[in-house]
Amino acid sequence: MTARAILLKGGRIVDPSQKHNDMGDVLIVDGVVEAVGRVGDVRRDGDAIELIDCNGMIVSPGFIDVHCHLREPGREEVETIATGARAAAAGGFTAVCAMPNTDPVTDNQAAVGFIISQAKKAGGARVYPIGAISIGEMGETLAEFGEMVGAGAVAVSDDGKPVVSAQLMRTALEYARTFGIPVADHCEEPTLAAGGAMNEGLVSARLGLKGIPAEAEEIMAIRDMLLARLTGGHIHLCHMSTKGSVELIRWGKERGINVTAEVCPHHLSLTEDAVEGYDTNAKMNPPLRTIADVEALQQGVKDGTIDVIATDHAPHHYDEKEREFADAPNGIIGLETALSVNLTWLVHRGIIDIPLLVERMACAPARLFKLPGGTIRRGALADVTVFSPDIEWTVKASRFRSKGRNTPYEGMELRGRVECTIVDGRIVYRRDD
């Protein structure tokens, strides 16, 4: 039988899971990494080998996004699992974790199974469902974690809604611990955040918009960590946005609490100033904060306080975002700009290097959520991303694979592009412009 083979030739192989950062080749055969290093002449009788010249490019484990919204079922006009999986591949992501705030909510094994079935048909990035913590995300009754995990869920979350009840969160952490999965929480104290449209501060006062104080996030972050300490469960704090949250997470890790945290590219690059002009594409939850918060989050990524960079990809229909700022929905798309934003604001400004970026976008997500991938060692699943770190391009959302167009980066010059994304030894994206 003819082997299905790809040779990635002459790139810089960056794989923090193997402490590998050197020039070389990667040979992929039938969905598995067969050789890494100086592969040489690999032509064999019967093999069909596709050669990809990676000169000047980075070859890394495929990126994994542990936090995105694919909208299906219920909002297929905004995004589908298929369009989301293709957008992810275009962004260099070989796998994504889909949040459960769909319609109906992903709170049972049938809903989990539907997402997995749709993802297999899509042919882009892998899609791993995250099940809801509570039935209907109502915050009242725990969903059946065991059945969802059995069907393929890799974590639980009520993302989009905070788990207000401390008792319910305690029980969720205890229950999830028996299945070895993280509980991912949207940290927001709802009475403090109620009615807020952006960060609370001088800008919100000048614009006449009700603000959300940093404490709304921080109160819930410390509560969740204390409950993780009590239960021994794994709490994963979603989309951190404040300097205080970074300090609290550092405090928790120093005390051995089983806490991990993520930050989004937009919170690493933009501030509340992006809201000037009432640009609804800069409206998100948690909101864009201050430059001091951005710098603290960047430092958290650098020193390991923040484990993962995730997108919180949240597409909305154009008409929804064309409302008064206070009435517009929260969220932006992020799958197809994440790498470039991270390279532009973190790597090319000297805050972190490329190996650390790959660790935060590929290796750590796989390790912490116990997912396949995150490495290109010999014998590993062939999920690989190839990217050029220095190519400059202008963001044009109209060219995205996602159905969403709601990005605050429209028209910006970014540096770094995905060249090729390989999932299970198959090329699912190749740059053609």
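The values are calculated or read from the model by the stated rules, or taken from the named source; none is laboratory data. All of these numbers come straight from a predicted model, not from anything done at the bench. Backbone-built Cβ (ideal geometry, glycine too); neighbour counts: all protein chains shown.
One residue stands out among those in the range 333-359 that are in contact with a strand residue (DSSP E or B) (Cβ under 8 Å, 6 or more places away or on another chain) and assigned to a loop (DSSP other than H, G, I, E, B): the one that is farthest from residue 399 (Cα to Cα), which is 348.
Meeting the requirement of 3 or more residues that are hydrophobic (A, V, I, L, M, F, W, C), assigned by TED's automatic domain parsing to the domain that holds residue 103 and closer than 24 Å to residue 85 by Cα, the helices (runs of 4 or more DSSP H) wholly within the range 115-215 are 145-151.
The C-beta contact set for the range 243-255 (first residue farther than 12 Å from residue 303 by Cβ, second residue among the β-branched types (Val, Ile, Thr) and not in a helix (DSSP H, G or I), distance under 7 angstrom, 6+ apart or interchain) comprises 252/259. For the range 222-247, the set of residues classified as of a type in the set (D, E, K, R) and crowded, with 24+ Cβ neighbours inside 10 Å consists of 224 only. Suppose the filter is outside any strand (DSSP E or B) and closer than 30 Å to residue 240 by Cβ; does residue 65 pass it? Against the criterion (outside any strand (DSSP E or B) and closer than 30 Å to residue 240 by Cβ), residue 65 does not qualify. Go through the residues of the range 280-294 one by one and say whether even a single one is modelled with pLDDT of 95 or more, charged (D, E, K, R) and over 22 Å from the mean Cα position of the chain (by Cα). Within the range 280-294, none of the residues are modelled with pLDDT of 95 or more, charged (D, E, K, R) and over 22 Å from the mean Cα position of the chain (by Cα).
Cβ-Cβ distances below 6 Å connect the following pairs, each with a first residue in the range 4-26 that is within 12 Å of residue 61 (Cα to Cα) and surrounded by 18 or more Cβ atoms within 10 Å (Cβ to Cβ), a second residue that is among the hydroxyl-bearing types (Ser, Thr, Tyr) and at pLDDT 95 or above, and a separation of six or more residues or different chains: 14/60; 17/375.
Taking the options 112, 26, 14, name whichever one is part of a strand (DSSP E or B) and under 23 Å from the mean Cα position of the chain (by Cα).
So the residue among 112, 26, 14 that is part of a strand (DSSP E or B) and under 23 Å from the mean Cα position of the chain (by Cα) is 14.
If you go through the range 379-412 and keep only what is under 16 Å from residue 333 (Cβ atoms) and aliphatic (A, V, I, L, M), you end up with 395, 397, 412.
Residue-by-condition table, conditions (1) among the charged types (D, E, K, R); (2) in contact (Cβ under 8 Å) with a residue 60 or more places away in the chain:
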residue: 297; (1), (2): no, no
residue: 302; (1), (2): yes, no
residue: 318; (1), (2): no, yes
residue: 331; (1), (2): no, yes
residue: 343; (1), (2): no, yes
residue: 351; (1), (2): no, no
residue: 354; (1), (2): no, yes
residue: 359; (1), (2): yes, yes
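In the set (1) among the basic types (Lys, Arg); (2) crowded, with 23+ Cβ neighbours inside 10 Å; (3) not assigned by TED's automatic domain parsing to the domain that holds residue 84, residue 399 fails one condition alone, (2).
The strands (runs of 3 or more DSSP E) found entirely in the range 376-433 that carry 3 or more residues being within 19 Å of the chain's Cα centre (by Cα) and in contact (Cβ under 8 Å) with a residue 40 or more places away in the chain are 384-394, 413-423.
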